[in-house]
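To start, the structure itself, in structure tokens.
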Amino acid sequence: LTICGATDPENPSSIPQDVLDRWAKLPGVTFLGQVSDVRTAIGGAHVVVHAALGGEGLPRVLLEGSACARALIATDVSGNSDIVVNGETGLLVKPDDPAALAQAMEWMIHHPEERRRFGEAGRARVVAEFASNHVASDYDALYRDLAAP
């Protein structure tokens with residue numbers, strides 16, 4: 001398990017630093033801290049997990065994971081569920097349910113073929129719906145509609 005990121009003292013749902021420090025000492029856990037370029041970390045992963053409680057908008061890590069053809073596991077909150085299609089590009093679990101999160105991770109370990117299919121489907125979806133040219137086109141259309149008399 002490789003964990004990327006840092007605590008955010010201004011976010012009450014952020015994981016406290018002392019908890020991250022304890023996790024980093026567990027066998028099999030690598031804590032990279034804040035990472036400016038996640039491509040190497042994602043490239044070395046089979047699955048990207050984003051266990052957020054919500055309020056983050058559209059999580060970039062899930063878009064990046066999909067772009068790298070990785071299966072996704074995320075909590076079923078706004079933003080995450082805009083990217084992860086449960087059973088198609090990954091698995092969605094209830095927020096604040098560590099047992100469900102662990103079960104989803106265990107399932108991914110034992111289903112490599114489905115994991116590969118999730119990754120491929122996620123990449124195709126990101127290219128089709130979230131690539132910068134699509135987003136720019138959507139914003140252009142939105143601004144034109146707002147500016148219309």
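The values are calculated or read from the model by the stated rules, or taken from the named source; none is laboratory data. These numbers were taken from a predicted model, which means no experiment stands behind them. Every residue, glycine among them, receives a Cβ derived from its backbone with ideal geometry; neighbour counts consider all protein chains shown. Keep in mind that these areas ignore ligands, DNA and RNA; they rest on the heavy atoms of the full protein, side chains included. Shrake-Rupley method; radii C 1.70, N 1.55, O 1.52, S 1.80 Å.
Solvent exposure of residue 2, expressed as accessible area, is near 80 Å², computed with a probe of 1.4 Å over the protein chains only. A Gaussian network model of the chain, with springs between Cα atoms under 10 Å, assigns the largest mean-square fluctuation among 123, 22, 115 to 22.
Considering only protein heavy atoms and a 1.4 Å probe, what is the carbon-and-sulfur percentage of the accessible area of the chain? Heavy-atom surface of the chain belonging to carbon and sulfur, 1.4 Å probe: 55 percent.
Using Cα pairs closer than 8 Å and at least 6 residues apart in sequence, work out the relative contact order for the chain, in percent. Taking the mean separation of contacting Cα pairs over the length of the chain, I get 18 percent. For region 1-65, the calculated P(r) over all alpha carbon pairs, in 10 Å bins from 0 to the bin holding the longest distance, is 18, 53, 28, 1 percent. Summary value for region 52-103: 34 percent relative contact order, contacts being C-alpha pairs under 8 angstrom separated by 6+ residues.
With the chain treated as a Gaussian network of Cα nodes joined by springs under 10 Å, which of 95, 27, 16 yields the largest mean-square fluctuation? Per the Cα network of the chain with a 10 Å cutoff, 27 tops the list.
Please work out the FRET efficiency for the pair residue 36 and residue 103, using the Cβ-Cβ distance as r and a Förster radius of 30 Å; give the result to the nearest 0.05. Rounded to the nearest 0.05, the efficiency is 0.40. Per-residue ellipticity at 222 nm, computed for the chain from helices alone with -39500 (n - 2.57) per DSSP H run of at least four residues, works out to -13500 deg cm²/dmol.
Ranking 14, 66, 78 from most to least accessible surface, computed with a 1.4 Å probe over the protein chains only, gives 78, 14, 66. Among 96, 76, 18, the largest mean-square fluctuation in a Gaussian network model of the chain (Cα springs under 10 Å) belongs to 18. Per-residue surface analysis assigns residue 109 an accessible area of about 110 Å², computed on protein heavy atoms at 1.4 Å probe radius. Rg over Rh for the chain works out to 1.01, both radii taken from alpha-carbon positions and Rh defined as the Kirkwood radius. When you filter the GluC sites (Glu not before Pro) in region 30-114 for DSSP loop state and at most 14 other Cβ atoms inside 10 Å of their Cβ, you are left with 88. Once the chain from residue 78 to residue 29 is taken as fully extended at 0.36 nm per residue, the excess over their C-alpha distance is 14.8 nm.
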